[in-house]
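All remarks here apply to the structure that follows.
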Amino acid sequence: QQQVKQSPQSLIVQKGGISIINCAYENTAFDYFPWYQQFPGKGPALLIAIRPDVSEKKEGRFTISFNKSAKQFSLHIMDSQPGDSATYFCAASIIGGATNKLIFGTGTLLAVQP
Amino acid sequence: EAQVTQNPRYLITVTGKKLTVTCSQNMNHEYMSWYRQDPGLGLRQIYYSMNVEVTDKGDVPEGYKVSRKEKRNFPLILESPSPNQTSLYFCASRGQDSLHYTEAFFGQGTRLTVV
């Protein structure tokens with residue numbers, strides 16, 4: 001029940017295309033859903049996050065779509081660029097909990113081809 | 001510059017030889033945590049600390065120890081490392097502000113190999 005399932009494991013997209021990464025969760029108590037971007041040799045960096053009271057959040061070329069009834073959320077990268085090539089992790093947390101502990105998905109390796 | 005600093009970046013050690021990975025943050029953050037990253041498993045939390053002298057277990061604490069004697073430092077200690085602790089380790093932190101409900105700052109990582 002604490003798992004966050006992420007797919008696909010890897011993704012190849014042409015420059016200018018749309019990259020879509022999907023995540024699903026079981027625990028309905030989760031109320032914060034961040035995405036992290038990790039470049040090789042670096043630590044994860046918080047990219048964008050959403051609370052379940054909205055169905056979509058957009059920041060530049062990055063959009064989170066959230067479907068509360070289906071317990072799914074996804075990251076869309078519009079106009080994908082080679083510089084977006086990285087590993088992306090979805091995560092979930094319970095903000096009202098004592099620690100706001102993060103539960104991570106297994107990651108998606110994105111390669112954007114020029 | 002706001003940052004979380006880990007040392008060393010790379011470490012090869014032998015089974016049973018005690019080691020410490022240091023972590024320091026310069027943002028006066030209350031919350032710090034340690035994760036390990038393994039292929040196909042994502043990141044899993046080892047230990048966390050809500051503040052000085054307040055630490056607790058995460059999801060995979062076996063074989064690890066931590067301490068939080070100062071707010072800025074949160075070292076990870078492997079008393080008797082074993083090969084199954086070969087992994088990529090990250091330290092992270094976050095403050096009490098409402099902008100970041102979860103860890104926003106991660107260190108560069110420590111790649112540990114236990115032979």
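The values are calculated or read from the model by the stated rules, or taken from the named source; none is laboratory data. This structure is a prediction, so every number in the text was calculated from the model and none was measured. Note that each Cβ is placed from the backbone with ideal geometry, even for glycine, and that neighbours are counted across all protein chains shown. With ligands, DNA and RNA removed, areas are computed over all heavy atoms of the protein, side chains included. Shrake-Rupley method; radii C 1.70, N 1.55, O 1.52, S 1.80 Å.
Worth a mention:
- When segment A:1-20 is filtered for residues that are open to solvent by 100 Å² or more (accessible area, probe 1.4 Å), assigned to a strand (DSSP E or B) and touching a Phe, Trp or Tyr at 6+ places or on another chain (Cβ under 8 Å), only A:Lys5 remains.
- Scanning segment A:38-57 for residues that are within 11 Å of chain B (Cβ to nearest Cβ), of a type outside the set (A, V, I, L, M, F, W, C) and under 17 Å from B:Tyr101 (Cα atoms) yields A:Pro44, A:Arg51.
- Just so you know, in segment B:20-50 the residues that are of a type outside the set (A, V, I, L, M, F, W, C) and open to solvent by 60 Å² or more (accessible area, probe 1.4 Å) include one that is nearest to A:Pro44 (Cα to Cα), and it is B:Arg44.
- Members of segment B:1-19 found to be open to solvent by 40 Å² or more (accessible area, probe 1.4 Å), under 17 Å from the mean Cα position of the chain (by Cα) and polar (S, T, N, Q), listed by number: B:Gln3, B:Thr5, B:Asn7
- Residue list for segment A:104-114, restricted to those being open to solvent by 20 Å² or more (accessible area, probe 1.4 Å) and either closer than 21 Å to B:Lys57 by Cα or not hydrophobic (A, V, I, L, M, F, W, C) (or both): A:Thr106, A:Gln113, A:Pro114
- Evaluation of A:Lys68 against (1) away from chain B (no Cβ under 14 Å); (2) modelled with pLDDT of 95 or more (one fails), failing number: (2)
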